[in-house]
Amino acid sequence: MIELRCFDDKLLIVWISKGKRVVTENRVRIQKLSRRLNIVAAALLYGLPVLTLLYWISFNYLPENLNVWASVPNQPISIQIGLQAFAAALVPLSPVLYGLINLRRWLGYLKDGTIFIEQTAQCLRSLGFALMFLIITNIIFDVLISLILTQDNGSHLGHYIELDIYLSDFFPLFLGGVIVLISRVIHEAVDLQQEQSLTI
Amino acid sequence: MTIIINLDIMLAKRKMQSKELASRIGVTVQNLSILKRGKARAVRLETLNAICKVLECQPGDILEFQDEAQD
């Protein structure tokens, strides 16, 4: 039996099989939300490298509250140092971009209505590991950026390394671990679905 | 797999086509084909009941156990 329902100005077909309603509204919601999130993820994917480059190129003209680097002396940085700093910023940016690529791939599958397939578990696993890897790249970046920004600071200190680790730095590690766990749950769901499809 | 599905034999005995059986027991032809080829992981008692009812046979006429070790 087929039931026609109106959902968000769209006509929705709801199958009623052996008295059980096959709920498709939730799937429509997933598709809709994943489409929107995919746009945000795309904007971040293409926007983040550009914004980072703009940040370091226009570093001298930024308001003081945007200069979060304690190691930066109160003097303008040259364009060469700005570019070096951008190159250093690519280190933590790489896992972020890799994570965003995988997030977009996962959202793409959701958008197409395929939720429990091996590829979605793989995408989530990669996203989780990218987030977990972020803590290492952040440490590397802290070291690099302090070295780059203090190379011509004119002070008697010369080069110095600054390394700040805050509790919040461990949040991506925790979040990544949770996402990896969810990917394993999805992997189990894929196995269950395969078994379900082969149960006649 | 050591459980053999003799659905083909029963269909031939009853001179019935897979398509007709599929429609009468309420499964798709593709799913019935999976069952016939022995690719199914599990068979619902509900499905087995429907097959036995339509083909007028016993579950033992459709399912057969063969010990692989003895073969």
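The values are calculated or read from the model by the stated rules, or taken from the named source; none is laboratory data. Quick caveat: nothing in here was measured; it's all calculated off a predicted structure. Note that each Cβ is placed from the backbone with ideal geometry, even for glycine, and that neighbours are counted across all protein chains shown. Accessible surface is based on the protein model in full, side chains and every heavy atom, while ligands, DNA and RNA are left aside. Shrake-Rupley method; radii C 1.70, N 1.55, O 1.52, S 1.80 Å.
A few remarks follow.
- Largest first, the residues A:166, A:55, A:98 sort by 1.4 Å accessible area into A:166, A:98, A:55.
- The heavy atoms of residue B:44 present about 100 square angstrom of accessible area, all protein chains included, probe 1.4 Å.
- Evaluating 6.51 cos²θ - 1.76 cosθ + 1.60 at θ = phi - 60° for every residue in segment A:31-39, the Karplus couplings come out as 4, 5, 5, 5, 5, 5, 5, 5, 5 Hz, glycine and proline recorded as x.
- Here the Debye sum runs over all C-alpha atoms of segment A:30-197 as equal scatterers in vacuum, and log10 of I(q)/I(0) at q = 0.12, 0.14 Å⁻¹ comes out as -0.66, -0.81.
- Once all protein chains are placed together, residue A:118 keeps about 70 Å² accessible to a 1.4 angstrom probe.
- Residues B:7, A:83, A:134, ordered by accessible area of protein heavy atoms at a 1.4 angstrom probe radius and largest first, appear as A:83, A:134, B:7.
- Rounded to the nearest 20, the size of the Cβ-charge dipole of segment B:3-65 about its Cα centre is 200 debye, with Lys and Arg at +1 and Asp and Glu at -1.
- When B:28, A:120 are compared by accessible area at a 1.4 angstrom probe, the order from most to least is B:28, A:120.
- Rounded FRET efficiency, nearest 0.05, which uses the C-beta distance separating residue A:189 from residue B:20 and R0 of 45 Å: 0.80
- Kirkwood's formula applied to the C-alpha pairs of chain B gives a hydrodynamic radius of 12.4 angstrom.
- When only Cα pairs below 8 angstrom with a gap of at least 6 residues are kept, segment B:3-65 shows a relative contact order of 53 percent.
- The figure for residue A:40 is an accessible area of roughly 80 square angstrom, using a 1.4 Å probe on the protein chains alone.
- 5 angstrom amide H check on residue B:63, placed H, neighbours 5+ away: B:6
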